[in-house]
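Here is the structure we will look at, set down as structure tokens.
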Amino acid sequence: LPQMHGFLELFASTPIRNRATLGGNITNASPIGDMTVILLALNAEIILRSPSDEHRHVLLRNFYKAYKTLDKHADEIVETLRFRLPSQLPDEHTFFTYEKVSRRTYLDIASVNSALQLRVKDGVIQDAHASAGGVAPVPLYLARTAEYLVGKTILPETAQEAAKVACSEITPISDARGSVEYKRLLLRQLMYAHFMTLFPELLDVEAIV
């Protein structure tokens, strides 16, 4: 994921980045955690270890049950994190992007953030994973959006419909970072941004928005 260096610059500050851990991000269960949203779109799996050295495998998307409620026993720790490496075959390619909106570009918590992973072959989406933060009580895996995208061709209509499906999956609340309506608008725009960033040569910006 060569883009990761650029993504990381949008997370917190250098001292916090040097102190924070992925395990801490995952188990903190912040609904707007940046790395958590990225890992959800990577369809990551975590392996939990108990004091008796028993191991339990859980897809990250199934780890969050409710606000700050996890599929994790009190004595378990997150030992391993893993995900499939992006495909770079001649006729198949994995695309990944992350977007974040906050009041300040740097050193700020997201109002809404989102990530999208697509595996594309001959212009047709073979596999998809999407996520969003700041729009639900938990870091949200957009299951219906991912399901919709599989089998679709990269077209403006696909991006438009994916944004509609994504907005139907969320339950944002109004708070200091924005109203319900504003957060829905942000997620729609971020879904558009994913496609325009990944496929600028295939999509007419004006045809989407």
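The values are calculated or read from the model by the stated rules, or taken from the named source; none is laboratory data. On a predicted model such as this, the values are computed, not experimentally measured, just so you know. In this analysis, Cβ positions are derived from the backbone assuming ideal geometry, glycine residues included, and neighbour counts consider all displayed protein chains. SASA here: full protein model, heavy atoms, side chains in, ligands and nucleic acids out. Shrake-Rupley method; radii C 1.70, N 1.55, O 1.52, S 1.80 Å.
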Å² of accessible area per residue within the chain, as computed with a 1.4 Å probe and no ligands counted:
51
Give me the extension gain from Val124 to Asp75: residue separation times 0.36 nm, minus the current Cα-Cα distance, reported in nm with one decimal.
13.2 nm
Would you list Tyr67, Tyr148 from the most to the least accessible area, probe 1.4 Å?
Tyr67, Tyr148
Glu92 versus Lys164, label points 7 Å from Cα toward the beta carbon: distance in nm?
3.1
Per-residue accessible area, 1.4 Å probe, largest first, puts Asp34, Asp127 in the order Asp127, Asp34
Taking Cα atoms, how many degrees apart are the long axis of helix 156-168 and the longest axis of the chain, rounded to 10 and kept between 0 and 90?
40
Fully extended contour minus Cα-Cα distance, from Leu1 to Thr171, at 0.36 nm per residue
58.2 nm
Degrees separating the helix 180-198 axis from the principal Cα axis of the chain, which is the longest one
70
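Can you tell me what the convex hull of the Cα atoms of the range 1-102 projects to on average, as an area in nm²?
8.0
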Can you pull the three principal axis extents for the Cα set of the range 50-171, in Å, largest first?
50, 38, 28
With all protein chains present, calculate the accessible area of His57 using a 1.4 Å probe and round the result to the nearest 10 Å².
100
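Ordering His55, His5, His194 from largest to smallest accessible area (1.4 angstrom probe), what's the sequence?
His5, His55, His194
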Rounded to the nearest 10 Å², what accessible area does Arg177 show when all protein chains are kept and the probe is 1.4 Å?
80
Mind grabbing the accessible area of Asp175 for me, 1.4 Å probe, Å², rounded to tens?
60
